[in-house]
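Please read the structure below before turning to the comments.
The values are calculated or read from the model by the stated rules, or taken from the named source; none is laboratory data. Since we're looking at a predicted model, the values are computed, not measured. Positions of Cβ are backbone-derived with ideal geometry, glycine not excepted, and every protein chain shown enters the neighbour counts. Note: accessible area is taken over every heavy atom of the protein model, side chains too, but ligands, DNA and RNA are not part of it. Shrake-Rupley method; radii C 1.70, N 1.55, O 1.52, S 1.80 Å.
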Amino acid sequence: ELAVPCQLAAAERASGFVARMTAGLPEEIRDAVGSAVRELLFNAVEWGGKLDPGKKVRIACMRGSRMVLCRIADPGAGFHTEEVSHAAIGYPTGEAAEYDEVRQEKGMRPGGLGLTLVRALADELIFNEAGNEVLLVKYLP
């Protein structure tokens with residue numbers, strides 16, 4: 001388990017922790033877990049920790065014979081998918097492009113596909129009730 005300061009550079013270094021956890025696994029699984037955890041970690045640092053280096057995001061990973069499990073918890077108040085009008089995850093399939101209009105209206109940079117991507121890469125993605133902690137599960141062949 002790592003306590004990562006809420007800085008993007010620290011989150012980038014912590015991504016190497018996951019790479020070591022998945023060493024020896026098939027490339028497809030390594031890439032999926034690495035990309036998903038990186039996205040969740042960067043979201044936690046940016047949105048939950050507000051890029052405040054005095055705050056910490058906790059990341060823990062476990063590797064078993066049949067799965068890789070990563071838990072990421074941030075110091076923020078959390079979120080719920082129906083409350084994030086600036087992200088594709090908050091829209092039903094087929095309406096997801098509408099989030100881009102919301103981002104433009106708010107003056108936000110392009111993006112908003114992160115959690116949608118993570119859902120596609122993970123086998124299970126489980127948020128706590130507050131929405132500031134997530135478990136990512138990737139099953140192994």
Round to a whole number: what % of the accessible area of the range 20-61 belongs to carbon and sulfur, probe 1.4 Å? 49 percent
For the range 133-141, Karplus-derived ³J(HN,Hα) couplings (6.51, -1.76, 1.60; θ = phi - 60°; whole Hz; x for glycine and proline) come out as 8, 9, 10, 10, 10, 10, 7, 9, x
With θ taken as phi - 60° and the coefficients 6.51, -1.76 and 1.60, list the Karplus ³J(HN,Hα) couplings across the range 19-35 in order, rounded to whole Hz; mark glycine and proline as x. 4, 5, 5, 9, 4, x, 8, x, 3, 4, 6, 4, 5, 5, 5, x, 5
At 0.36 nm per residue, and after removing the present C-alpha to C-alpha distance, how many nm does the segment from Asp31 to Ala60 gain when stretched out fully? 8.7 nm
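Quick check on packing: order 35-43, 6-14, 21-29 by the mean number of other C-beta atoms within 10 Å, highest mean leading.
Details: 35-43: 21.6, 6-14: 16.7, 21-29: 13.0.
Result, highest mean first: 35-43, 6-14, 21-29.
Using a 1.4 angstrom probe, figure out how much accessible area the range 5-81 has per residue, in square angstrom, rounded to the nearest whole. Before the final figure, lay out the partial values.
Working: 3970 Å² over 77 residues.
I get 52 Å² per residue for this part.
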Residues of the range 118-141 with amide nitrogen under 18 Å from the 7 Å Cα-to-Cβ point of Lys50? 131-133
